1. Taking the number of other C-beta atoms within 10 Å as the exposure measure, put 34, 120 in order starting with the fewest.
2. Count neighbours as other Cβ atoms within 10 Å of each site's Cβ, and list the chymotrypsin sites (Phe, Trp or Tyr not before Pro) in the stretch 50-102 that are DSSP loop with at most 16 such neighbours.
3. So how much slack lies between residue 183 and residue 171, counting 0.36 nm per residue of separation and subtracting their Cα-Cα distance, in nm?
4. Quick one: 174, 233, fewest Cβ neighbours within 10 Å first, how do they rank?
5. Compute the angle between helix 142-154 and the longest alpha-carbon principal axis of the chain, please, reported from 0 to 90 degrees and rounded to the nearest 10.
6. Starting with the fewest neighbours, write out 194, 217 ranked by other beta-carbon atoms found within 10 Å of each beta-carbon.
7. If you put +1 on each Lys and Arg Cβ and -1 on each Asp and Glu Cβ, how big is the dipole of the chain around its Cα centre, in Debye rounded to 20?
8. Extension gain residue 96-residue 133, at 0.36 nm per residue separation less the Cα-Cα distance, in nm?
Amino acid sequence: MTSIKPLLQVRDLSAGYAGSRVLFDVSMNISQGEVVALLGRNGMGKSTFIRSLFGLTTYMGGTIHFRDQPIEQLASFKVARAGLGWVPEGRQIFATLTVQENLMASFKKTSQISRVWRLEDVYELFPRLAERKTHFGNQLSGGEQQMLAIGRALLTQPSLLVLDEATEGLAPLIRREIWSTLLKLKGTELAVLIVDRDLKSLSKLADGFLVLEKGQIVHQGLGSELYSDKERIEKYMSV
């Protein structure tokens, strides 16, 4: 979405599950430090697109290049090693590990970007996690679990952070805290691909957006248009 050489370049991606195609020739670019929002109604292919980046769908055509290297048919752990960090829908934290154990389970010492995330950085970003570091995952609220999922992803030292349903189902106070944190991350080299429905908050964060409908990109534009063109965009997102 900018003239800078893309960090992530997806071209004509087709993918699905067990022979059933969900994505049809989807293309997008994300550059270093750029935030892109992926929008659309439920069932339109957003999560399938994200899962396809991590090699968790049936590949049916097209290319995915990350740092100029093809990743479309790599195993998911190799995609993560390449520099993609994932905050999945549903968080998927380890319920029987403490907050600190969850975080350290994903910690990687090296990074392809200048910033290396450490445990103390995550605690500074989310002081609530520092207060709860000895609590088990299943003792946390939904908002605390989401903070933990973001912190865990940052400790994999990603160049691109991918968030699926970033604030879905969270209390308003927690949502504001998550958006505030993402705005802080925007000031770093980190690129972000985010799925969420809060157009007002996304308009302050995103550099660009794309709308998926029935597995195809049907609309795209600048992040500043997300709220100014809210009525039109919400038509793509309404049931």
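1. Working: 34 23, 120 9.
If I rank by nearby Cβ atoms, fewest first, I get 120, 34.
2. Values: sites: 54, 59, 66, 77, 86, 94; in loops: 54, 94.
Sparse-neighbourhood loop chymotrypsin sites (Phe, Trp or Tyr not before Pro): 94.
3. On the way: separation 12, 0.36 × 12 = 4.32 nm, distance 1.85 nm.
Extra length from residue 183 to residue 171 when fully extended: 2.5 nm.
4. Working: 174 18, 233 21.
Going from least to most buried by this count: 174, 233.
5. 80
6. Numbers: 194 23, 217 19.
Fewest-to-most ranking of 194, 217: 217, 194.
7. Details: 29 positive and 25 negative charges, 59 e Å.
Around 280 debye, computed over the chain.
8. Numbers: separation 37, 0.36 × 37 = 13.32 nm, distance 1.29 nm.
Answer, rounded to one decimal: 12.0 nm.
Read-outs: derived from the displayed coordinates by stated rules, not from any lab. Since the model is a prediction, treat every value here as computed from it, not as a measurement. In this analysis, Cβ positions are derived from the backbone assuming ideal geometry, glycine residues included, and neighbour counts consider all displayed protein chains.
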